[in-house]
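Derivation of every value follows stated rules applied to the coordinates shown; laboratory data play no part. The structure presented is a predicted model; accordingly, all values stated were derived computationally and were not measured. Heads up, the Cβs are rebuilt from the backbone with ideal geometry, glycines too, and the neighbour counts pull from every protein chain shown.
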Number of protein chains: 2
Amino acid sequence: MPELRKNPLTDEWVIIATERAKRPEDFQKKTAKLPEEQERVDTCPFCVGNEKMTPPETFAFREKETSANSPGWRVRIVPNKFPAQEIHEVIIETPSHSKSIANLLPQEAEEVILAYQQRYLAAEANSKIKQITIFRNHGLTTGASKLHPHSQLIAVPVLSQKFRNQEKNATDYWQKQGKCLYCVLAKEEIEKKERIILSTPYFTAFTPYASQSPFEVWIFPTRHQHSFGNISAEETKDLAKILPQILFKFYSKLDNPDYNYIIHSYFENTADKQAKHWFLQILPRLTPIGGYELGSGIFINIVKPEAAAEFLRLQATGCKPQVAGKEE
Amino acid sequence: MPELRKNPLTDEWVIIATERAKRPEDFQKKTAKLPEEQERVDTCPFCVGNEKMTPPETFAFREKETSANSPGWRVRIVPNKFPAQEIHEVIIETPSHSKSIANLLPQEAEEVILAYQQRYLAAEANSKIKQITIFRNHGLTTGASKLHPHSQLIAVPVLSQKFRNQEKNATDYWQKQGKCLYCVLAKEEIEKKERIILSTPYFTAFTPYASQSPFEVWIFPTRHQHSFGNISAEETKDLAKILPQILFKFYSKLDNPDYNYIIHSYFENTADKQAKHWFLQILPRLTPIGGYELGSGIFINIVKPEAAAEFLRLQATGCKPQVAGKEE
């Protein structure tokens, strides 16, 4: 019989209904399919040489003596041409049209994360802003309108109900238990092992107990820290290894599925910040979101998180730049 | 600049970002495309004659002197073969494989609604159940795994965070204002007119102020009533007209888009039931749900609800059974 599980961070319920499913292997296709290497597309506003097709850049990592809004950049950030809010930026992760964060070199991925951090801090400095979301839509079914590898940052002057619930849960736990709910959760996962995919010196990647969709993964910083904005140089380097490593497992073992990832973070001036903890959530989009999920607020997940972790722990196949990180 | 709007029923924020959009007409295709009439498919477990392919029926409207689990039914309800929960039923809306609730005759649609009501009441009678969702997934991107017209009912022994927030909002409003928040909202919409699509003696259909997606429609009963289970015979007849009428507008004017609809209802034994009000929510799935929506809990809608209502008010074209209901 299906199982009800509650996400301790949000108090949201999910139904793990494996009778209707699919073992992890059923999502697997025979060959790893990396996107075909295509350096540059004339009509793509995110490609190198097409800098004039976007609004002027707000930030870039670029080669010495190259100037803004011209070639020579490695990561480039521009305002979204059709902003959803006052602060809505596009983080162009690489000049190459068909690379992906899953096959970036660690030093390349590191600059993407440093760029996230820069813009997160810049948005946080705006006193009107109450919620900042850094996210990535991979694949056309997930909201991506352009294939060129990019992430986005949207900052809004309101707090969503979802975020408010999450904050309240963390604060309530802190006030009752005197501990960070997220730290307790990560400790339990590490001790139990069954949902751990891999760990690095500063991060642990696991499939959460109440995964809302098949192969959902959380990358948790093991150091207690409320804000992604405070990530250290060592943590940045480490995240630049573990994130592509997990994404490459998706590529390799689940045939390049569409996915979203989201950085959940708390503000520097938030109340009870010792109660809070940033983390990165990856949501592969292997099953559709239906009327039940949208209407009831309860997600149905057809793959057991323990089975998903076991499957993802296996070594990824296919060629990619070697990255460090201990496989469990 | 995009606009932030708050759903008063849930306190959820949405962003209305029309700069990146699309006028209503951009979603419109030239010809209304009704599914091709196909009476029966040998391999479809929901088709007439294939009753043995499903678990035994729990309810049916059928011709006199025909027996359970054999042909002669007009609406048939069976347990889901792969249940997501203990109570998970499939409401097969018609014996015909390729009809849709949008092109059912009013007397046919009426039996679908009566069947919903029967099974809603049966689920509510189970004392373990805390939340019942009746919903319809139309189209393969929305979670539907079978094309044969059907809806589903899932009943769970927990309350979702989303539903809890909705209940709390209604109760808080009642305690402060001594009025039903939903009734106040419907009255405002009717007075303002700009988001009304059509009204019938017992229902008003409008695009909500904080629509989470393009062309979202709420069908609101104008009589104050917390539970869909208490819908009267006249209301049933009336809903059986207005619901297909709205869905036919989607077919005709938006080229048969994928959509979900959900009945939101409160239990008979709920606290403060005078504060609550059932309604039906229709969510066309014209734009993908991306990482921002999933991560932040804030939806981005690229069509202004006022423009959507104006567009949907226009007479639908194409042939369908005539149904009553005053166009605004």
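Within 10 Å of each Cβ of B:131-143, how many other protein chain Cβ atoms are there on average?
4
Can you give the percent of C-alpha pairs in chain A whose distance is more than 27 Å?
Looking at chain A, the distances longer than 27 Å represent 44 percent of pairs.
Mind counting lysine pairs for me in region A:13-164? Cα separation below 28 Å, and the two need to be 8 or more apart along the chain or on different chains.
24
For the protein assembly as shown, what is the per residue volume of the convex hull drawn over the alpha-carbon atoms, in cubic angstrom?
Hull volume normalised by residue count: 163 Å³.
Taking each label point as 7 Å beyond Cα in the direction of the beta carbon, state the distances from A:A271 to the same residue in the other copies, shortest first, in nm.
A:A271 label point versus its equivalents elsewhere: 2.2 nm.
What distance in nm lies between label points placed 7 Å from Cα along the C-beta direction at B:T58 and B:C183?
3.3
How many angstrom lie between the C-alpha centres of region A:153-180 and region A:55-97?
If you average the Cα positions of each part, the centres end up 31 Å apart.
Exactly which trypsin sites (Lys or Arg not before Pro) in region A:67-151 are in a DSSP loop and have at most 12 other Cβ atoms within 10 Å?
A:K128
In Å³ and rounded to a whole number, note down the convex hull volume per residue for the Cα atoms of region A:1-155.
Measuring per residue, one finds 164 Å³ for the Cα hull of region A:1-155.
Only sites in a loop by DSSP and with at most 12 other Cβ atoms within 10 Å count here; which trypsin sites (Lys or Arg not before Pro) in region A:171-209 make the cut?
In loop regions of region A:171-209 (DSSP not H, G, I, E or B), the sparsely surrounded trypsin sites (Lys or Arg not before Pro) are A:K193.
Once each part is reduced to its C-alpha centroid, what is the distance from region A:100-130 to region B:257-280 in angstrom?
The two parts, judged by their Cα centres, are 42 Å apart.
Helix-only mean residue ellipticity at 222 nm, the protein assembly as shown, DSSP H runs n ≥ 4 weighted -39,500 (n - 2.57), per residue, nearest 500. What is it?
Helix contribution divided over all residues of the protein assembly as shown: -8500 deg cm²/dmol.
Mind checking which chain B residue has its Cβ closest to the axis relating B to A, and how many whole Å off it is?
Closest Cβ on chain B to the axis mapping it onto A, in Å: B:I289, 3.
If I model a spin label at A:D26 and A:A271 as a point 7 Å from the Cα along the Cα→Cβ vector, what separation in nanometres do I get?
Inter-label distance under the simple model: 4.7 nm.
Give the calculated FRET efficiency between B:S67 and B:A125 to the nearest 0.05, with a Förster radius of 25 Å applied to their Cβ-Cβ distance.
With R0 = 25 Å, the Cβ-Cβ based efficiency is 0.50.
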